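The values are calculated or read from the model by the stated rules, or taken from the named source; none is laboratory data. What you see is a predicted model, and the numbers here were worked out from it, not measured in a lab. Here Cβ is always computed from backbone atoms with ideal geometry, including for glycine, and neighbour counts include all displayed protein chains. Just so you know, the surface numbers come from the protein's heavy atoms only, side chains and all, with ligands and any DNA or RNA stripped out. Shrake-Rupley method; radii C 1.70, N 1.55, O 1.52, S 1.80 Å.
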Amino acid sequence: MLCQICGKREATFHFKEVINDKIRELHLCEECARKKGFLSESFFIPSFSLSSLIGGFTGEAEIPFSIASQVQCPHCGLTYEQIREKGKIGCSFCYQTFKDYLVPLLERIHGHTRHLGKAPRGLKMSEKEKEIHKLRKELEDAVKQEEYEKAAVLRDKIRKLEKEKSE
Amino acid sequence: MNLKEMVSSPGYWLRGDGPEAMIVFSSRIRLARNLKEFVFPPWAQSSLLKSVAEKLLKAVKKAVYFKNAYYIEIGKLSPLERDFLLERHLISQEFNKGGEERFLVVEKKEILSLMINEEDHLRLQTIFSGLQLRETWDLINKVDDALEENIDYAFSSQWGYLTACPTNTGTGLRASCMLHLPALVISGKINELLKEISKLGLVARGLYGEGTEAQGDFFQISNQVTLGLTEPQIVDNVERIVREVVNQERRMREILLKRNRVQMEDEVGRAYGILTHAHLMNTRTAMNLLSRLRLGVDLNLLPKIETALLNELLFLVAPAHIQIREGKTLAPLFRDELRAKILREKLNESSKR
């Protein structure tokens, strides 16, 4: 079996994860497994000290130090390097700024990257509309990429938002 | 406010009137929320925390749920007073460190409380007696809605409620139950069970939450995942698994009683004897003996004692509770003496009823 990430080397590491009754399997070559942080201790021992989780996930190989320390959140001014060290995110704008680092991290912690729970009732319409717009774009992309499961989730999300909007 | 008053009036959730209250002490849910425009507390300067606190306190005072509440400034408390609130599950380990611009608001029944400027700007909590997480969710959901009318929360429709720690992102919801599992501990089944639980996305801890050791066979079970599930899904999941743990504990109690009746009678009888006659008692011993006492009462091997008293005793014997009750700090030996006295008096009083 070939590695699911690079698709080139033989997969020698096999991971199985059970979160909320859902089983996820990953087959990786050693190099990709190490890059993704699966061989670091924090993956095997769920210590949940977040600094180790963040650190464990984004090994230096993946994020060049210079980038992590240069890009600053426009709102709070922190760099991802600082956030990683402390294990605490700076402000709500950091989520957007450091999306590329945080989304994989959220995926690893929760096994999901999309919120399905409640939303503030007072969420402003314009924001909702913006969101719908964004989702539509993602939906288009998903269809282009033939990711139909993802597309179905997006479609439902858009329908839900539209329904909320018309209420 | 007077903390001493709180000693003699235990929180409503300790009354032991919820379902399965002998095994499941409490159902607790907390929500993590942040204000949109403000830097999260771990990075914020004191002036900013001050405006956050002002904004939140104003919103809280408007909400009908906190009409009858204590407003407590954490920075003004002594370490002993903070320990007391920690023992009562009203503040977290993080809050126990003290700090400026931090507030605890707790309504008098202690069912509803909130912390301002903990790791997140707002941590809302509800605790109910017994296993009733769904009811707990219904209440906290309403309170959250009420507060939200006057607060602009940090929220994204992709990631949900945005929190300082990515382990809370999404719903910001942690649902937990406190359980008493002596039979599973005695039979050695507990480790296996806790391992199973962690595979289901849940986590088990000691009585006082994160990083604490389990004492006197008391455990806390809570959800790990906060993103990608709806709140009712998370809550149902925890409730379902806790119910299964309760069933296993019950089955194990029956087995122990069938196979080792005399040993069990001896064990709980000794615990009762020591609790009602000792004159010195440290916290750890008290917790262990109270655990045995609770088991003995539940299995009808001991005289009937009200669940509310069994619950209350676990708190009355905690170090800060003893000292607040006396109104001063005390050396460990004095505490041990007082602890033994409280136990003797309360249990003898109960046996006369």
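Projecting the Cα atoms of B:M281, B:N311, B:L114 onto the charge dipole of chain B (Cβ charges, centred on the Cα centre) puts B:M281 farthest toward the positive pole.
Exposure check, 1.4 Å probe, all protein chains in place: B:S129 carries approximately 10 Å² of accessible surface.
Taking label points 7 Å from Cα along the Cα-to-Cβ direction, B:D266 and B:S351 give a separation of 2.1 nm. The alpha carbons of the range B:137-192 occupy a box of 51, 25, 15 Å along the principal axes, longest dimension given first. A simple spin-label model places pseudo-atoms 7 Å from Cα toward Cβ; at B:E192 and B:D138 they are separated by 3.8 nm. Placing a label point 7 Å from the Cα of B:E149 along the Cα-to-Cβ line, the residues of the range B:49-90 whose backbone N sits under 20 Å from it are B:55-69.
Just to verify a number: FRET efficiency for B:L280 and B:R243, C-beta to C-beta distance, R0 = 41 Å, to 0.05? All intermediate terms of the calculation are to be shown ahead of the outcome.
Details: r = 40 Å, r/R0 = 0.97.
E between B:L280 and B:R243, to the nearest 0.05, is 0.55.
Here the range B:241-265 and the range B:68-121 have alpha carbon centers that stand 37 Å from each other. List, in the order given, every pair from A:K88/B:K55; B:K62/B:K109; A:K86/A:K128 whose Cα-Cα distance in the structure shown is over 30 Å. A:K86/A:K128, as the Cα separations exceed 30 Å there.
Normalised by residue number, the volume inside the convex hull of the Cα atoms of chain B is 127 Å³ per residue. Under a model in which nothing but the beta-carbon of Lys, Arg (+1) and Asp, Glu (-1) is charged, the protein assembly as shown shows a dipole of about 760 debye around its Cα centre.
Helix B:133-148 and the longest principal axis of the Cα set of chain B meet at an angle near 30°.
Taken along the Cα-to-beta-carbon direction at a fixed 7 Å, the label points for B:K199 and B:K61 span 5.4 nm. In summary, the aspartates and glutamates within cross-link reach of A:K137, defined as a Cα separation below 17 angstrom excluding same-chain residues under 8 places away, comprise A:E127, A:E129, A:E146, A:E147, A:E149, A:D156, A:E162. Counting, for every residue in B:30-43, the Cβ atoms of other protein chains within 10 Å of its Cβ and taking the mean gives 4.
Figure legend: label point modelled 7 angstrom from the Cα of B:S8 along Cα→Cβ; residues of the range B:315-351 with amide N under 13 Å from it are B:325-327.
Excluding same-chain neighbours fewer than eight residues apart, the aspartates and glutamates reachable from B:K97 by a Cα-Cα span under 17 Å are B:E73, B:E81, B:D83, B:E87, B:E118, B:E119, B:D120, B:E210. For the range B:164-169, the Karplus equation 6.51 cos²θ - 1.76 cosθ + 1.60, evaluated at θ = phi - 60°, returns couplings of 5, 10, x, 6, 10, 4 Hz by residue, with Gly and Pro reported as x.
Rounded to the nearest 10 degrees, the angle from helix B:190-199 to the longest Cα principal axis of chain B is 20 degrees.
The phi-based Karplus calculation (6.51 cos²θ - 1.76 cosθ + 1.60; θ = phi - 60°) puts the 3J(HN,Hα) values of the range B:324-332 at 5, 4, 7, x, 7, 6, 10, 5, x Hz, whole numbers, x for Gly and Pro.
If you take the accessible area of A alone, add that of B alone, and subtract the area of the pair, what total do you get in Å², probe 1.4 Å, to the nearest 100? Chains A and B together bury approximately 4000 Å². Electrostatic tally near B:S187: other residues with Cβ closer than 14 Å to its Cβ, Lys and Arg +1, Asp and Glu -1, net +1.
The percentage of C-alpha pairs in the protein assembly as shown whose separation is greater than 37 Å is 35%. Less than 5 angstrom separates the built amide H of B:T329 from none of the residues sequence-distant by 5 or more or on a different chain.
What are the semi-axes of the equivalent ellipsoid of the range B:156-270, taken as the square roots of 5 times the eigenvalues of the Cα gyration tensor, listed largest first and rounded to whole Å?
Numbers: eigenvalues 235, 38, 18 Å².
After diagonalising the Cα gyration tensor, the semi-axes are 34, 14, 10 Å.
Applying the Karplus relation 6.51 cos²θ - 1.76 cosθ + 1.60 with θ = phi - 60° to the range B:177-188 yields 3J(HN,Hα) values of 10, 9, 10, 10, 10, x, 5, 5, 6, 4, 7, x Hz, where x marks Gly and Pro. At 1.002 mPa s and 20 °C, plugging the Kirkwood radius over alpha-carbon pairs of the range B:260-351 into Stokes-Einstein gives what diffusion coefficient in µm²/s? In µm²/s, the coefficient is 161.
Below 11 angstrom from the Cβ of B:Q158, what's the summed charge of the other residues (Lys, Arg +1; Asp, Glu -1)? Could you put the intermediate results ahead of the total?
Working: positive: A:K99, A:R114, A:K134, A:K157; negative: A:E131, A:E138.
In short, +2.
Computed over protein heavy atoms with a 1.4 angstrom probe, the accessible surface ordering of B:K258, B:K195, largest first, is B:K258, B:K195. For A:E140 and A:K86, the difference between the fully extended length at 0.36 nm per residue and the C-alpha to C-alpha distance is 15.7 nm. Cut-off under 22 Å on the C-alpha distance; same-chain residues fewer than 8 positions from B:K199 excluded. Which lysines are left, in chain and number order? Cα-Cα hits under 22 Å: A:K16, A:K22, A:K36, B:K189.
Considering all different alpha carbon pairs of the range A:127-166, the Kirkwood hydrodynamic radius works out to 10.0 Å.
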